[in-house]
1. Considering each residue of region A:171-189, count those that are at the interface with another protein chain (Cβ under 7 Å from one of its Cβ atoms) and free of Cβ contacts under 8 Å to residues at least 12 places away in the same chain, and give that number.
2. Find the residue count for region A:75-85, including only residues that are under 17 Å from residue A:141 (Cα atoms) and without any contact (Cβ under 8 Å) to a residue 40 or more places away in the chain.
3. Residue A:30 passes all but one of (1) more than 30 Å from residue B:9 (Cβ to Cβ); (2) free of Cβ contacts under 8 Å to residues at least 24 places away in the same chain; which number fails?
4. What is the one condition in (1) surrounded by 11 or more Cβ atoms within 10 Å (Cβ to Cβ); (2) more than 12 Å from chain A (Cβ to nearest Cβ); (3) within 27 Å of residue A:132 (Cα to Cα) that residue B:29 does not satisfy?
5. Report whether or not residue A:78 is within 25 Å of residue B:17 (Cα to Cα) and within 12 Å of chain B (Cβ to nearest Cβ).
6. Just to be sure, is residue A:153 within 9 Å of chain B (Cβ to nearest Cβ) and either buried (at least 22 other Cβ atoms within 10 Å of the Cβ) or farther than 14 Å from residue A:62 by Cβ (or both)?
7. So which of A:128, A:102 is more than 10 Å from every other protein chain (Cβ to nearest Cβ), buried (at least 18 other Cβ atoms within 10 Å of the Cβ) and part of a helix (DSSP H, G or I)?
8. Please indicate, with yes or no, whether at least one residue in region B:52-62 is exposed (fewer than 10 other Cβ atoms within 10 Å of the Cβ) and in contact (Cβ under 8 Å) with a residue 24 or more places away in the chain.
């Protein structure tokens, strides 16, 4: 059995229908446990006091804002190469979710920056590229709405997605390219975790898992909606012809 | 090879070329604009090429240990260092929570007569998070080492 079988809309609807409640509940449990643990059961940071608790929303939201764009990039490229409609619709469905995560990360970042750095906003390379990523999300959503023909819209938004990836990469790695910025470097990495003490690290991992699952659940749900909407359009068109 | 797979291969090639072009152009733009994209200048850069007294810019580094002097009112004086050079900064106003000796700082202002007159001070924090109790306990035992590298035992 090949993975491309899920590109068949009927097959996708069946499988996603079974998966969706499981993913949804897992997301809810992880978010409640991770955020509840993080907000109420963790000690204060040695420098930042209780303000550090914003980390449980800010870091997962920013992480998923960038990952959502990469997911859209992958599905867009699959659309361009293999012309699977479900893939294009999944990219379309993910955009508003990613845009919301980006907005959440921007707002929590501003709320965190005000007491710690002394400013809501700074034109630091990382912050700036993240803001541009947010604008790319808005442009991407607008472009889908602006074009009548669904295939043309999928083609053009895929190219916009490819261009926007520059800013998704920059907002994650800007700290490495330009080391004289205001935002600190990455606290989380695959190989070492000593930057974040274990008491903060464990709830953070759970809330990251919660945000990932929430993203998957919302994208599945919204892709199903898009597939149904397209079926309805086709049915209506057939009826008008009859 | 069928016609379809040829078309498909052509699309993959176009995507690959587009991706390479995007990476190259953003790398070139990023390199050319690095002074504008960098948020602040280091004390070494300021000492080596002092900007005109009329130019407003940001300087960033660590507040040198033992250099912080609080004058009358809200005026403070301290030295910003990058381990190589240090520049004296003078500032009047409210300081952010994280400001302190050994902490990262970014100041906006002008450099004239060897003194940086700041109009805005931002604190820069590092990527380390630790519970207060743990740090206090480590400090009591005298084995606390600041993650930035300098020993900070009490």
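1. Number satisfying all stated conditions: 4.
2. 1
3. For residue A:30, the failing item is (2).
4. (2)
5. yes
6. The answer is no for residue A:153.
7. Result: A:102 is the single residue among A:128, A:102 that is more than 10 Å from every other protein chain (Cβ to nearest Cβ), buried (at least 18 other Cβ atoms within 10 Å of the Cβ) and part of a helix (DSSP H, G or I).
8. yes
Since every read-out is calculated from the coordinates, none of them should be taken as a lab result. Source: prediction; values computed, not measured. Please note: Cβ atoms are built from the backbone with ideal geometry, for glycine as well, and neighbour counts cover all protein chains shown.
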